[in-house]
1. Just one of (1) surrounded by 14 or more Cβ atoms within 10 Å (Cβ to Cβ); (2) not in a loop (DSSP other than H, G, I, E, B) trips up SER102, so point out which.
2. Those residues that are assigned to a loop (DSSP other than H, G, I, E, B) and not small (Gly, Ala, Ser), I need them from the range 34-63; list them, please.
3. Being open to solvent by 40 Å² or more (accessible area, probe 1.4 Å) and among the small types (Gly, Ala, Ser) is the filter; apply it to the range 62-86 and report the residue that is farthest from GLY130 (Cα to Cα).
4. Residues that are at pLDDT 85 or above, under 17 Å from the mean Cα position of the chain (by Cα) and of a type in the set (Ser, Thr, Tyr), at least 1 per element: which strands (runs of 3 or more DSSP E) completely within the range 105-163 meet that?
5. Take the range 64-80 and flag every residue that is modelled with pLDDT under 90 and part of a strand (DSSP E or B).
6. Show the residue pairs meeting these rules: Cβ distance below 8 Å; 6+ apart or different chains; first residue within the range 105-126 and surrounded by fewer than 21 Cβ atoms within 10 Å (Cβ to Cβ); second residue part of a strand (DSSP E or B) and of a type in the set (Asp, Glu).
Amino acid sequence: MKNLLLCLSLVLGLSLPAHAAIARVDQGTSGLGATGSATSGTTVTVTLSQAAVAGSMLVAWDSGDTGISVSSISGGGVTWALLGKSAAGGSNREEIWYGLNSSGSGTTITITMSGTITVAERATVAEFSGVATSSAVDISGSAKNSSGNSISTNSITPTAGLNQLIVAGY
């Protein structure tokens, strides 16, 4: 059986003092972040276990059918932006969104789709502290492989410092 692999990656270049470190803030019970799913309607809701820490970064991974895509995300006290998306053959799509400098308010993240959900749409939201509160995205890249068991992303060379966070989805 062939595996479908999608990969989006992000390198965040940070200009932070030497003592600042990037850390994942515990959200949800999965160990990866808070999760949500839907098989109908036009939204997926993810509920954080606690309000995001003021100043933190939120990252959302959404996967589902290529017939629709994420049109917007709201909540978590951030303004959400699309980092990248990839679709590999057939009906699989992966998107990564992020929001910087959380106000620390709200626990509900609402992901609004461009159309009606007809197959399982899944989302995970993770929180990171120690990330620059503006202009944090240094470089991003994506790759796909719809027929094999491995994937290689395009080359990415960070330009903005030593503290890096790489985010990937498949």
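1. For SER102, the exception is condition (2).
2. THR39, THR42, LEU48, GLN50, VAL53
3. The qualifying residue farthest from GLY130 (Cα to Cα) is GLY67.
4. Counting at least 1 such residues, we get 108-113, 121-129.
5. GLY64
6. Within 8 Å, the pairs are ARG122/ASP62.
The values are calculated or read from the model by the stated rules, or taken from the named source; none is laboratory data. What you see is a predicted model; the values in this text were computed from it and never measured. When we count neighbours, we look across all protein chains shown, and the Cβ atoms used for this are built from the backbone with ideal geometry, even at glycine. All accessible areas refer to the heavy atoms of the entire protein, side chains included, with ligands and DNA or RNA removed. Shrake-Rupley method; radii C 1.70, N 1.55, O 1.52, S 1.80 Å.
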